[in-house]
1. How many of the residues in the range B:89-105 are over 17 Å from A:Arg538 (Cα atoms), at the interface with another protein chain (Cβ under 9 Å from one of its Cβ atoms) and open to solvent by 10 Å² or more (accessible area, probe 1.4 Å)?
2. Output the residues belonging to the range A:448-473 that are part of a helix (DSSP H, G or I) and within 30 Å of A:Gly341 (Cβ to Cβ).
3. Looking at (1) modelled with pLDDT of 90 or more; (2) surrounded by fewer than 22 Cβ atoms within 10 Å (Cβ to Cβ); (3) at the interface with chain A (Cβ under 10 Å from one of its Cβ atoms); (4) within 12 Å of B:Leu9 (Cβ to Cβ), can you tell me which one B:Glu108 breaks?
4. What are the residues in the range A:128-156 that are assigned to a strand (DSSP E or B), in contact (Cβ under 8 Å) with a residue 40 or more places away in the chain and surrounded by fewer than 21 Cβ atoms within 10 Å (Cβ to Cβ), if any?
5. Just to verify a result, which residue in the range A:526-535, among those that are in contact with a Gly (Cβ under 9 Å, 6 or more places away or on another chain) and not in a strand (DSSP E or B), is nearest to the other protein chains (Cβ to nearest Cβ)?
6. Scan A:Arg538, A:Arg573, A:Arg496, A:Arg580 and give me the residue that is part of a loop (DSSP other than H, G, I, E, B), within 14 Å of chain B (Cβ to nearest Cβ), touching a residue at least 40 places away in the same chain (Cβ under 8 Å) and charged (D, E, K, R).
7. Which of the residues spanning the range A:420-447 are in a loop (DSSP other than H, G, I, E, B), crowded, with 16+ Cβ neighbours inside 10 Å, over 30 Å from the mean Cα position of the chain (by Cα) and within 14 Å of another protein chain (Cβ to nearest Cβ)?
8. Give the range A:499-524 a look and list any residue that's of a type outside the set (A, V, I, L, M), more than 11 Å from chain B (Cβ to nearest Cβ) and either open to solvent by 20 Å² or more (accessible area, probe 1.4 Å) or touching a residue at least 60 places away in the same chain (Cβ under 8 Å) (or both), or say none.
Amino acid sequence: MGSCFSDVRGGQQAVGGTRQGPIGGGGGGGNNGGHNDAVDHFFRARGQPALFSQIELSLSASKLRDLDIMSKSDPMAVVYLRKTDGKLEELGRTEVISNSLDPAWIEKISLAYQFETVQHLIFHVYDVDTKYHNLPVKTLKLKDQDFLGEASCVLSEIVTKQSRSLTLSLHNKNLQVGLRNLGTLTIHAEESVASRTAVEITFRCSHLENKDIFSKSDPFLRISRVVESGGSLPICKTEVINNNLNPTWRPLCLSMQQFGSKENPLVIECFDFNTSGNHALIGKLQKSIADLEKLHKERNGANFTITASHHGHEKVLRSQLFVDQFLEKQQYSFLDYISSGFELNFMVAVDFTASNGNPRNPDSLHYMDPSGRYNPYQQAIMEVGEVIQFYDSDRRFTAWGFGGRTYDGTVSHCFNLNGSQDGYEVEGVEGIMAAYAGALHNVSLAGPTLFGQVINRAAQVAGHSLSHNHSKYYVLLIITDGVLTDQQETIDALVRASDLPLSILIVGVGGADFTQMEKLDADNGIRLESSTGRVATRDIVQFVPMREVHRGSISVVQALLEELPGQFLTYMRARDIKPRAQMPL
Amino acid sequence: MANARNRSLEVTIISGEDLRINGRPIKNNAFVTVKAESRCSPSSHESTKPDARGDSYPYWDEKLHVELPAGSPYVVVEAHRRSSSAGDKLVGMAWIPVSDFVGDYTPENHLHFLSYRLRDAKGLRNGIINISVRVVTSSHKGASSCSSPLPPPVLESRMPVDREKHGGTVTGVPVWFPNQWKS
């Protein structure tokens, strides 16, 4: 039941805590619940995501246009990523295959799969003139080649299919489809082996130095990966063991996505935990996973070192690190589950409280700008919806509103956005947008801001789905402008929902002070507690204020999505739910 | 009522967090007992082995079987520390409403991962206990007619009340009535 996850949090140098670990999942890089608040700084080097999957695309085409007179075309394919500014970034090219209208290229194109963005891929197929055939493909100037056709798709469309393949019709650059049959292009995506490889390591230390005055040190290990810029990126930490200079921690699980490769140097630091947050460094060392495996096999210890303050040298300490157990294992990746039929079901809840302002007023957060510019609600719906829609096979989404006065004159804290009595579902993201626009006409803003009912309804839906199968995971997006009035009731609802296949994303819009909301997002390590004494099984809530400035090319809202595959995997692995058996292609 | 039948539970005591005695974290040998709270039928009572290695964050991962008689509203989990010199000392207890794993939104034999706040003999908060619960079988024996004991006043049992008129579906919990011919 070991679970592995990364607790690197992106963006600012928030003095946050670590991400709450799942219970019953062994050591798994988790922390001790309330033992650590503000344990550490976690930062992310610019533009380097912590968890992503490396994908390789194999291309083939059929019935290409024949442009050569004496023989068939000599096709080559080029793959681009379309960036948010519309520019195309070339990801790679295949080789040239001579004399074929049905090429199956061997050369694969690699790219990183990022769940939280919509990755638009553009494919161009060219007929390469014979005079260029012996030149390296990279050097070919595309404008000198004959264009055979173009196709485009989103990466999620490919990786979510069971066959992991997608066949597209080629068309002209001006999108004049059907003028002439230009053939088809088939793209097959495969995850690299690294995405499934993980190691489970049991660390032990001996002769640790005593940093505490009245008792012994309370040691824990932090493991970081060395990055090209020279710094290091924390990837995992053990739990804290109290009062022990020769501790053995619970097994730590690291996925290859976290450590990169077995040869990548890792920095292992041993700290003495202090409740103040100022942990004293006992010692550090640098070892790769391959080195650790060697330590295990040879039953050797590695000495910690510490920088001696006065002369800046590294002083070798008596303290040693041992690897008592080293187990390499394969675990299913997020895409393994998704392509086998697991789905993410999207649910949205929109705030209809009066604090948003009259929708007719241009200052209102609900104002629908005639120029077509999205208001914050529309923006959040689009940004999350357009990513998640690919993971839901029937594209039927749940849309609710809360805090508004509906047609019958009463204030409802969970009403169907589409105005219907029975069905809370709409079709597609455009369905949500239409229901939202309609609701703005039919529902008057009221209040107060209560989340409890929406969360209970979402939990009900998620719980009921368990009677049928275990392959649906629900994502509830709550968009609100204000601060909660029912903090305890919301916490109770969250605790009750914490053991269900559900993640809750809360986006705060407008200028309110959202500090209170941040307490719901247990990043500081404190587990939510209900009024009945039950404690949240896992941290299912994430909160971000929309006005937060974000580094990189994705929005703050999309940054919320980064954690979803991890939360999904944690849930599935803790319950030993495996992907459905893959059918042969 | 959700408690109209006898049930067998598989309770896995997973781990504990921040267990203290008199404010001091305990050193070792914590163990946990589980029983169903019922005044009438003698409640079966099972314990884990003491965790010799673990300190105030013990880890057991031990499966215990608990018979839950019909009508019993709570499962009681108690964490103790075994000491050869001082005997067993109670660290804290948690009263787990059966409604937390029966008759909520999930199917009957769903595996629940639950965590609870432990409270010591004085009612003060003292650590967290992490368990998993699964209903293994439900047998159709008659519902007992005895009343359930009152829980300690510190805990308030609140059922989620949905006052909202949805005009839509309502969750129905199947009710099983005891077979009239069996006693």
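The values are calculated or read from the model by the stated rules, or taken from the named source; none is laboratory data. Just so you know, these numbers come straight off a predicted model, no measurement behind them. Don't worry about glycine lacking a Cβ; one is built from the backbone with ideal geometry, like all the others, and counts go over all protein chains shown. All accessible areas refer to the heavy atoms of the entire protein, side chains included, with ligands and DNA or RNA removed. Shrake-Rupley method; radii C 1.70, N 1.55, O 1.52, S 1.80 Å.
1. 4
2. A:Val454, A:Ile455, A:Asn456, A:Arg457, A:Ala458, A:Ala459, A:Gln460, A:Val461, A:Ala462, A:Gly463, A:His464, A:Ser465
3. (1)
4. Correct list: A:Asp146, A:Ser152, A:Val154.
5. A:Arg527
6. A:Arg538
7. Matches in the range A:420-447: none.
8. Going residue by residue through the range A:499-524, those that are of a type outside the set (A, V, I, L, M) are A:499, A:501, A:503, A:508, A:510-511, A:513-516, A:518-519, A:521, A:523-524.
Then keep just the ones that are more than 11 Å from chain B (Cβ to nearest Cβ); that gives A:503, A:508, A:510-511, A:513-516, A:518-519, A:521, A:523-524.
Within the range A:499-524, A:Ser503, A:Gly510, A:Gly511, A:Asp513, A:Thr515, A:Gln516, A:Glu518, A:Lys519, A:Asp523, A:Asn524 meet the criteria.
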